[in-house]
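Asker: Provided herewith is a single structure, encoded as structure tokens, for subsequent inquiry.
Derivation of every value follows stated rules applied to the coordinates shown; laboratory data play no part. Not measured: the values here are computed from a predicted model. As a convention, Cβ positions derive from the backbone with ideal geometry for all residues, glycine included, and neighbour counts pool all protein chains shown.
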Ligand SMILES: Cc1cc2nc3c(=O)[nH]c(=O)nc-3n(C[C@H](O)[C@H](O)[C@H](O)COP(=O)(O)OP(=O)(O)OC[C@H]3O[C@@H](n4cnc5c(N)ncnc54)[C@H](O)[C@@H]3O)c2cc1C
């Protein structure tokens, strides 16, 4: 089948999946006034694959079938593959006004990790997950399915392991093995775009011990599987006017609490069942690919922050001020350092042992950690350049009201030659990015999504070989 059209994708979401939003069961996520915004945003993935201007980047010819497929499904076999993937994610996110599309990115991150870990798992345990993963990957690719990944468990008391929790369901686990498959129960949190995808791929969150064997489970199910329920987050649901919310009125991502209420998973879709010694390997392999994806989709957002701050400085007549130039140069350095780090992570990729490559782990984590650590500081630079009208400016209704329009037009201008309306629109753009519900959403996304800061710091320290540096010190300090 290869590539689906936007309409085919949207039609596939009208399948009686159980989605709740703000107290209501939603019968059709594609036509819902709020959820429909996210559905249309995500469907840009399919639009770009058909667009002659993007088709070369977004698709490839799969040698096994001779079909044109979404490039997201291409297993990374070289640094060149990773660089093209990075460019594809950056470009498609840019077309999505700085918001990642995420209906193939995260799912294929999971597929790549499953390929690598299944090989190690099969070699150690005599299982045959590798063929299952390959068959499932081929089905996703050939049907051009969209996918979400439910990795993060709800986790209860963070200081306790799954089996030590107050009840057994704070981490998703196997409750029954049957002839036709396994039955699982539990809930995952923060599942991005789950209402807009065909498939939900489930992975373990963390390393697990023998006592947590039942929690070592990975599988995939269609979104309309009986027992599966999605409870959507209302964040940024009030954004309707493109004057006030030029970005979030048309671009949205939805996360869900994803409940697995005794869900049956057929055997051919089970990719880990109790092999607890590989749970940490799978969790980490996924986040390596996913943090590479994450940093690749951050740069278009940073381009918008820089461009908006630069224009605002000009509109306010402060573009020559020393402190403004310093802030703009910091924004340039931030954007390009993030981009350079992730490109270098692709160039420094390493073989996984399964015929694929993974991005350099240390550089990927440094890129993500550097990005997240400095994000709030960079937001404050943009807010500082824009001024207080970001939150005290007039409403669209007063701008349009003939009784108030002339006052606003006359008094809220900036530098000569810049229209008052352009200045207000730019202020609204910056508010949407950095001082709105949507701006707050991005602050939390950038801090927590793809794993919190501490997870990245731990990985950097664990995977960086410090022997060379220690040996240099020993040599010049005459220690041995
Ligand atoms: C917008 C958004 C989208 C997301 N999308 C997805 C998705 O599509 N799929 C998915 O699976 N996940 C997704 N996530 C989840 C993301 O990976 C998690 O938010 C992240 O791993 C942090 O987990 P948490 O939110 O449970 O916070 P917590 O783990 O509760 O972290 C809060 C604080 O507690 C600290 N902490 C936690 N445990 C310990 C401990 N044992 N000891 C010491 N300190 C501890 C952390 O370091 C942090 O400082 C998304 C998150 C966001 C915000």
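Asker: Between rounded, prolate and oblate, where does region 252-363 land on the alpha carbon gyration tensor, with a ≥ b ≥ c its root eigenvalues, rounded for a/c under 1.5, else prolate if a/b exceeds b/c?
Answerer: Working: a/c = 4.42, a/b = 2.04, b/c = 2.17.
It is oblate, given that a/c is not under 1.5 and a/b is not larger than b/c.
Asker: With contacts defined as alpha carbon pairs under 8 Å and 6 or more residues apart, what's the relative contact order of region 281-471 in percent? Show your work: numbers first, answer last.
Answerer: Details: 180 pairs, mean separation 52.8, N = 191.
Reported as a whole number, the value is 28 percent.
Asker: Expressed as a rounded percentage, what relative contact order does the chain have, with Cα pairs under 8 Å and six or more residues apart?
Answerer: Details: 853 pairs, mean separation 78.2, N = 480.
Relative contact order here is 16 percent.
Asker: In degrees, nearest 10, range 0 to 90: what is the angle between the Cα axis of helix 279-315 and the longest Cα principal axis of the chain?
Answerer: 10 degrees
Asker: Taking neighbour counts of Cβ atoms within 10 Å as a proxy for exposure, in what order, fewest first, do 44, 389 appear? Write out the running numbers ahead of the final one.
Answerer: On the way: 44 20, 389 17.
Lowest to highest Cβ neighbour count: 389, 44.
Asker: Starting from the Cα-Cα distance between residue 160 and residue 139, subtract it from 0.36 nm times their residue separation and give me the gain in nm to one decimal. If you can, show how the numbers build up before the last one.
Answerer: Values: separation 21, 0.36 × 21 = 7.56 nm, distance 3.76 nm.
Length gained, residue 160 through residue 139: 3.8 nm.
Asker: Continuing with this model, one more query. Which of 286, 476, 46, 73 has the fewest other C-beta atoms within 10 Å, and how do the rest follow up to the most? Working shown, then result.
Answerer: Details: 286 27, 476 8, 46 24, 73 21.
Going from least to most buried by this count: 476, 73, 46, 286.
Asker: A further question on this structure: Hey, can you rank 137-148, 56-67, 238-249, 326-337 by average C-beta count inside 10 Å, highest first? Display every interim value, and only then the final one.
Answerer: Details: 137-148: 21.1, 56-67: 14.2, 238-249: 18.6, 326-337: 15.9.
My ranking of the peptides, most packed first, is 137-148, 238-249, 326-337, 56-67.
Asker: Restricting to Cα pairs below 8 Å that are 6+ residues apart, what does the relative contact order work out to for region 248-345? Please round to a whole percent.
Answerer: The normalised contact order for region 248-345 reaches 30 percent.
Asker: Next up: Could you order peptides 412-423, 461-472, 226-237 by the average number of other Cβ atoms within 10 Å of their residues, highest first? Intermediate results must be reported in sequence, preceding the final value.
Answerer: On the way: 412-423: 14.6, 461-472: 10.4, 226-237: 18.1.
Final packing ranking: 226-237, 412-423, 461-472.
Asker: Let me ask something additional. Tell me, 296, 92, 163 in order of fewest to most beta-carbon neighbours within 10 Å? Write out the running numbers ahead of the final one.
Answerer: Working: 296 31, 92 26, 163 16.
With the sparsest Cβ surroundings first, the list reads 163, 92, 296.
Asker: Let me ask something additional. If the chain between residue 400 and residue 25 were fully stretched, how many nm would it gain, using 0.36 nm times the residue separation less the Cα-Cα distance? Each step should come with its number before you reach the end.
Answerer: Values: separation 375, 0.36 × 375 = 135.00 nm, distance 3.61 nm.
Contour length minus Cα-Cα distance gives 131.4 nm.
Asker: What distance in nm lies between label points placed 7 Å from Cα along the C-beta direction at residue 15 and residue 448?
Answerer: 2.9 nm
Asker: On a 0 to 90° scale, report how tilted helix 437-448 is relative to the longest principal axis of the chain, with both axes built from alpha carbons and the result rounded to the nearest 10.
Answerer: 40 degrees
Asker: What's the extension gain from residue 3 to residue 373 if we count 0.36 nm per residue and subtract their Cα-Cα distance? Walk me through the numbers before you get to the answer.
Answerer: Values: separation 370, 0.36 × 370 = 133.20 nm, distance 3.83 nm.
Contour length minus the Cα-Cα distance gives 129.4 nm.
Asker: Assign one of three labels to region 276-317, namely rounded, prolate or oblate, based on the Cα gyration tensor with a ≥ b ≥ c the square roots of its eigenvalues; rounded applies when a/c is under 1.5, prolate when it is not and a/b is larger than b/c, and oblate otherwise.
Answerer: Details: a/c = 10.76, a/b = 6.05, b/c = 1.78.
Prolate, since a/c reaches 1.5 and a/b exceeds b/c.
Asker: Just order 99-105, 435-441, 342-348 by mean Cβ neighbour count inside 10 Å, highest at the front, would you? Spell out each step's value before the answer.
Answerer: Numbers: 99-105: 27.0, 435-441: 18.3, 342-348: 21.1.
In descending order of packing, they fall as 99-105, 342-348, 435-441.
Asker: Please report how far the C-alpha centroid of region 222-242 lies from that of region 318-368, rounded to the nearest whole angstrom.
Answerer: 32 Å
Asker: Label region 326-480 by shape, choosing from rounded, prolate and oblate, from the square roots a ≥ b ≥ c of the eigenvalues of the Cα gyration tensor; if a/c is under 1.5 it is rounded, and otherwise prolate applies when a/b is larger than b/c, oblate when it is not. Write out the running numbers ahead of the final one.
Answerer: Details: a/c = 3.50, a/b = 2.69, b/c = 1.30.
Because a/c hits 1.5 or more and a/b exceeds b/c, region 326-480 counts as prolate.
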